[in-house]
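Encoded as structure tokens, the structure appears first; notes follow it.
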Amino acid sequence: MNSARLLLFIFFPVITYAQDDLLSQLEKQDSTRSFPVEATFKSTRVVNGQSVETMKKKHLDFRISHRFGRLNSGAYQFFGLDQATMRMGFEYGVTDRLEVGVGRSTSQKVYDFFAKYKLIEQTTGGRTIPVSVTVFGGTGIATVNRELVFQNKLYYTGQVLIARKFGEKLSLQLSPTWLFRNHPEVTGDEKILLALGIGGRYKLSKRVSLNGEYFYTAREKNTVTAPYHDSMSFGVDIETGGHVFQLHFTNSLGMIEKQFIGETSGTWSKGDIHYGFNISRTFSFDKKNKRAAKEKI
Amino acid sequence: MKRYFFVVVILTIPAVLCQMGEAFGQSLMYSTSTGNTRFSSETPLENIKAENKKSQAILNTSTGELAIRMNMRDFVFPNKLMQEHFNENYMESEKYPTGTFSGKMDKVIDYSKDGEYETSATGKFTVHGVTKTRTISGKIKIEDGKISVNSDFQVPLADHKIDVPEIVFVKIAQKIDVKAQYVLVPVKK
């Protein structure tokens, strides 16, 4: 027999053993761990609608959002920029999964309150969970009409947000929505409205993403009792350090679920498009943060 | 007959060698999976710090070979937004999940006796998918059957193609200070 081949055959087990170096041993030990998928969306909103993201524990998000008038209102109204409606809100992470928030919209003078809980977090690695699921519940008081009794100023929203981050760039979300108005704006409109939202984002660069969102409402569009259309929005997210700027075009004027899902009166085809933006600024109230800043490592 | 016997002996050698290697190798291996790696970036505008308490290290005391491995996503920042940016924008942890070092001790040390040594290790240092051959100095302390490895070193961002955009350029140091503290215990089979 060829002696060289015999030697190779005999020492083959030794050679393979040597190749199994220290680093791959560490890798093998670590192979069962799984990691949460971070940053499915850059902020707690896709455009108008809630995203699966919640604020982390002891972190506060201060949000200012504006929507301007309709682009088709012409040069006299400076293409809508003469009118502005805004919402100011605070969102706080009680735990890494639970967030609570309050807001005030100028439109219909609404105070809104909500909670979001991250039920399931998408993970990669040893144990893979394909999607993130967050539940959202909110209520609001529309104080614009002083004649109404208190109960009739209230509305409620429930959402199950299901999202998946497909690789680094693409994230998609489904948002089944239940909306209940104690006293709909138009007499004769149904109190209950069901809707299905679909939204997503595509990262153009590390700090800029393209976002889009559409809410399909389970009702006849543009009727006498419900003169409304489905909400559709497109925008960009620009992230700079602690701020996220969301600039967008939408046919909805409102920034809370009751308004943009339930009461969108404009349509894209007629040019009833509003320019708008959200500015989000995050603050950390974690005491460890301050301590860490002082300490030397 | 003699020839057949010879062949049988030859064939059993590798198996015995493997067994011996494993028996000796295991007793001479020291490792940890709860090593502490911290880093900081200090500029007049902002101090950024993070800590990884799940760093893995393994040392073969017979050959002086050393390997260190950590998951970038195990770095905990007091500010979660910074943590997200670290993984998303700077380290690209989805693409490059780990930081590793694989090398050899430059000094021959008697690990069976208690003592303290100033030494260094030379090998491949990989962060953000970019591998550099580096000699990293540190201290080795042998006490109570444990081996402590301590090292302070710097990682220049440019070496590992970690881009910092101009708007945050002044907030992030160009060289990151790293402090590694690992207590290695004998590997039990």
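The values are calculated or read from the model by the stated rules, or taken from the named source; none is laboratory data. The structure displayed is predicted, hence computed values, not measured ones. Cβ atoms come from the backbone with ideal geometry, glycine included; neighbour counts cover every protein chain shown. Please note that ligands, DNA and RNA were not included when accessible areas were found on the heavy atoms of the full protein model with its side chains. Shrake-Rupley method; radii C 1.70, N 1.55, O 1.52, S 1.80 Å.
Expressed as a whole percentage, what fraction of the accessible surface of segment B:102-185 belongs to carbon and sulfur atoms when a 1.4 Å probe is rolled over the protein heavy atoms? List each step's numbers first, then the result.
Values: 2380 of 4760 Å².
Here carbon and sulfur together make up 50 percent of the probe-accessible area.
For segment A:123-133, just list the computed ³J(HN,Hα) in residue order, Karplus coefficients 6.51, -1.76 and 1.60, θ = phi - 60°, integers in Hz, with x standing in for Gly and Pro.
The phi angles translate into 10, 10, x, x, 10, 9, 10, x, 9, 9, 10 Hz.
Take the alpha carbon atoms of segment B:63-112, find their center, do the same for segment A:250-274, and report the distance between the two centers in whole angstrom.
One Cα centre to the other: 48 Å.
Let me check against my output: what whole-number percent is the relative contact order of chain A, with C-alpha pairs under 8 Å and at least 6 apart? Mind dumping the intermediate values first?
On the way: 712 pairs, mean separation 51.2, N = 297.
With pairs under 8 Å counted, the relative contact order is 17 percent.
So for segment B:30-186, what are the equivalent ellipsoid semi-axes in whole Å, largest first, each being the square root of 5 times an eigenvalue of the Cα gyration tensor? Walk me through the numbers before you get to the answer.
Numbers: eigenvalues 176, 44, 40 Å².
Semi-axes (√(5λ), whole Å): 30, 15, 14.
In this model, which of A:K28/B:K107; A:K153/A:K221; A:K57/B:K161; A:K28/A:K58; A:K116/A:K153; A:K203/B:K80 are farther than 26 Å apart at the alpha-carbon? Walk me through the numbers on the way to the answer.
Working: A:K28/B:K107 28 Å; A:K153/A:K221 24 Å; A:K57/B:K161 32 Å; A:K28/A:K58 36 Å; A:K116/A:K153 22 Å; A:K203/B:K80 20 Å.
Exceeds cut-off: A:K28/B:K107; A:K57/B:K161; A:K28/A:K58.
List residues of segment A:198-239, by number, whose backbone nitrogen lies under 12 Å from a label position 7 Å along Cα→C-beta of A:N145.
Within reach of a label on A:N145: no residues.
How much accessible area per residue does segment B:32-107 have, in Å², with a 1.4 Å probe? Walk me through the numbers before you get to the answer.
Values: 2830 Å² over 76 residues.
For segment B:32-107, the solvent-accessible area averages 37 Å² per residue.
Restrict the search to segment A:143-189; then list the trypsin sites (Lys or Arg not before Pro) that DSSP places in a loop and that have at most 11 other Cβ atoms within 10 Å of their Cβ.
For trypsin sites (Lys or Arg not before Pro) across segment A:143-189 that sit outside H, G, I, E and B with at most 11 neighbouring Cβ atoms in 10 Å, the list reads A:R146.
Could you tell me how far the Cα centroid of segment A:152-228 sits from the Cα centroid of segment A:64-94, in Å?
19 Å
Are there residues in segment A:160-174 whose accessible area shrinks by at least 40 Å² when all protein chains are included rather than the chain by itself, and which are they (probe 1.4 Å, ligands and nucleic acids not counted)?
For segment A:160-174, once contacts with the other chains are taken into account, A:E168 lose 40 Å² or more.
Taking the Cα centre of segment B:30-186 as origin, work out the dipole magnitude from +1 charges on Lys and Arg Cβ and -1 charges on Asp and Glu Cβ, in debye rounded to 20. Walk me through the numbers on the way to the answer.
Values: 21 positive and 21 negative charges, 46 e Å.
It works out to roughly 220 debye.
Using label points projected 7 Å from each Cα along Cα→Cβ, tell me how many nm separate A:S265 and A:I129, to one decimal.
With each label placed 7 Å out from Cα toward Cβ, I get 4.3 nm.
Answer with one residue from B:T61, B:T98, A:Y228: the one whose Cα lies farthest towards the positive end of the charge dipole of the protein assembly as shown, charges on Cβ with Lys, Arg +1 and Asp, Glu -1.
Sorting the options by dipole projection puts first B:T61.
Evaluate E = 1/(1 + (r/R0)^6) for A:N222 and A:V94, where r is the Cβ-Cβ distance and R0 equals 51 Å; express this FRET efficiency to the nearest 0.05. Show your work: numbers first, answer last.
On the way: r = 41 Å, r/R0 = 0.81.
For R0 = 51 Å, the calculated efficiency reads 0.80.
Using DSSP to call loops (not H, G, I, E or B), can you name the trypsin sites (Lys or Arg not before Pro) in segment B:84-120 whose Cβ has at most 12 other Cβ atoms within 10 angstrom?
Answer by residue number: B:K95, B:K107, B:K113.
Just from its helices, what would the mean residue ellipticity at 222 nm be for the protein assembly as shown, if runs of 4 or more DSSP H residues each count -39500 (n - 2.57) and the sum is divided by every residue, rounded to the nearest 500 deg cm²/dmol?
On the way: 6 runs with 69 residues, N = 486.
About -4500 deg cm²/dmol.
Magnitude of the Cβ-charge dipole of chain A, K/R +1 and D/E -1, about the Cα centre, nearest 20 debye?
Magnitude of the dipole: close to 800 debye.
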